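K.L.:
Take this structure, written in structure tokens, and hold onto it; I'll ask about it next.
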Amino acid sequence: MANHTTPSSPADAPVPSPVPSWRDALRLYVQPASLRMLALGFAAGLPLLLVLGTLSFRLREAGIDRSTIGYLSWVGLAYGVKWMWAPLVDRMPIPLLTRHLGRRRSWLLLSQLVIAGGLVGMALNDPSQLLGPLVACALAVAVASATQDIALDAYRIESAEVNAQAALAASYQTGYRLAMIWAGAGVLWIAAWAQGEQATGYAQSAWQVAYLVMALSMLPGMWVVLASPEPVPAPFAPARNVAEWLQGAVVEPFVDFWRRYRWQAVLLLALIAVYRISDVVMGIMANPFYVDMGFTKTEVASVTKVYGVIMTLVGAFVGGVMSARWGVMRVLMLGAVLSAASNLLFVWLSGLGHDVQALVWVISADNLASGIATAAFIAYLSSLTNISYSATQYALLSSMMLLLPKFIAGFSGDFVDAHGYASFFTATAWLGLPVLVLVALAARVHPLVAPQMGASET
């Protein structure tokens, strides 16, 4: 069983292990744990765009203004506060389910059932007539999806040793990104097909078909949960009363993190809080931007499906392999640079207007950068956790990744209305500059995630 703890000082750092060969690094991707994570990553990635990105396309088509769309993106804050109920997912059994499936798989299955039900509700409600019911269903999907993430991150961390975490992260990210393509391009294709030859403008019946298909797409994830083994749970003493349970499940995971990293925890948490800020803030207005630029559902779906899939898979694969070969911190820096720079391509696209060829280049570059950055970042977060509190600590870290960006993104519609798309995309690129400084500082105080660096770099 893995033990994802980190020495509190460089003097206590473990002796660096030998650099793995390229063949050894690649072999990790065909292990059963990696293949399971590929499928479960798909189940995790499916809901995200359906309550954020794709939903913003649907809402814009339905005539909802950009400011409202920006504020509705705060539904995604459920991912930023999931640490609040992570201790329950980490320790509390679910009647009947936990006895048959185990602690991790029971929470995975329950959350997937709620996600599927919420997507059905989103399919049946028309935002052009009444927005409230659809938002309520979207919130239910977001909370259930965040809960699935808590259980799945713990399942992944407990399924392999530290040296395999980069491969599991890349496999997870590949499945996650495939699901995002299906929930992004796929849902647009389905809606366009259901709408018929006149695939322009808003048609509730077309979106209803598309969201029902998305609900059915959760079924493979449920099957994988039922067919997968439960990892050996980290042992913990049973609580004798509520206060003792709260101490072990809620207080101790946070105390453990601060105990291990001390003052360095501030730096690590600051990096986590802003690493994906450029991508997250920009992403809320991406689909409204496509609509306003005159791109049809079919055009956006086709470009994203062909070029987005290829470049995302390349990015996730390359990011995972480079992390295993060169160390996570180097790839974190590369990902931070690419993520900020790729936003500037949208400035160029906004000046061209409706240009499908330019859209191909922009989406390709953006997906490549995102795949590299996210694969390394997941491995980085995993390395910070203690397996005894894997669900709670990883939920805390991954929540911090989204909390500030999601909050700022809520004002993105107001910013675009006031300053235009070009200024907005430029501003999101500038948001990435502090990230570069924080990555450089973190590389000096967290030796575990950079074991292959030379002595002059650690």
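K.L.:
So, I115, is that one at pLDDT 95 or above and in contact with a Ser or Thr (Cβ under 7 Å, 6 or more places away or on another chain) or not?
P.N.:
For I115, the condition - at pLDDT 95 or above and in contact with a Ser or Thr (Cβ under 7 Å, 6 or more places away or on another chain) - is met.
K.L.:
Moving on to the next point. Please work out if A215 is closer than 26 Å to I64 by Cβ, at pLDDT below 85 and touching a Leu at 6+ places or on another chain (Cβ under 6 Å).
P.N.:
Considered against the rule, which asks whether it is closer than 26 Å to I64 by Cβ, at pLDDT below 85 and touching a Leu at 6+ places or on another chain (Cβ under 6 Å), A215 comes out as no.
K.L.:
In region 423-435, how many are assigned to a helix (DSSP H, G or I) and either buried (at least 16 other Cβ atoms within 10 Å of the Cβ) or of a type in the set (V, I, T) (or both)?
P.N.:
7
K.L.:
Could you tell me whether any residue of region 289-309 is of a type outside the set (G, A, S), without any contact (Cβ under 8 Å) to a residue 60 or more places away in the chain, over 22 Å from Q173 (Cβ atoms) and surrounded by fewer than 24 Cβ atoms within 10 Å (Cβ to Cβ)?
P.N.:
No, the conditions are met nowhere in region 289-309.
K.L.:
Specify the residue that is nearest to M285 (Cα to Cα); the eligible residues are those in region 58-79 that are crowded, with 20+ Cβ neighbours inside 10 Å and in contact with a Phe, Trp or Tyr (Cβ under 7 Å, 6 or more places away or on another chain).
P.N.:
Here the residue is G70.
K.L.:
Of all residues being aliphatic (A, V, I, L, M) and at pLDDT 90 or above in region 198-212, which is farthest from the chain's Cα centre (by Cα)? Just the residue, please.
P.N.:
My answer is A206.
Here's the yes/no breakdown for (1) of a type outside the set (S, T, Y); (2) closer than 19 Å to M180 by Cβ; (3) modelled with pLDDT under 85:
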position: G308; (1), (2), (3): yes, yes, yes
position: M311; (1), (2), (3): yes, yes, yes
position: L332; (1), (2), (3): yes, no, no
position: S339; (1), (2), (3): no, yes, no
position: N343; (1), (2), (3): yes, yes, no
position: V362; (1), (2), (3): yes, yes, no
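K.L.:
Quick one: what pairs do we get from region 168-194, first residue without any contact (Cβ under 8 Å) to a residue 40 or more places away in the chain, second in a helix (DSSP H, G or I), C-beta under 6 Å, 6+ apart or different chains?
P.N.:
I190/A210; I190/V213; A194/A206; A194/V209
The values are calculated or read from the model by the stated rules, or taken from the named source; none is laboratory data. On a predicted model such as this, the values are computed, not experimentally measured, just so you know. Positions of Cβ are backbone-derived with ideal geometry, glycine not excepted, and every protein chain shown enters the neighbour counts.
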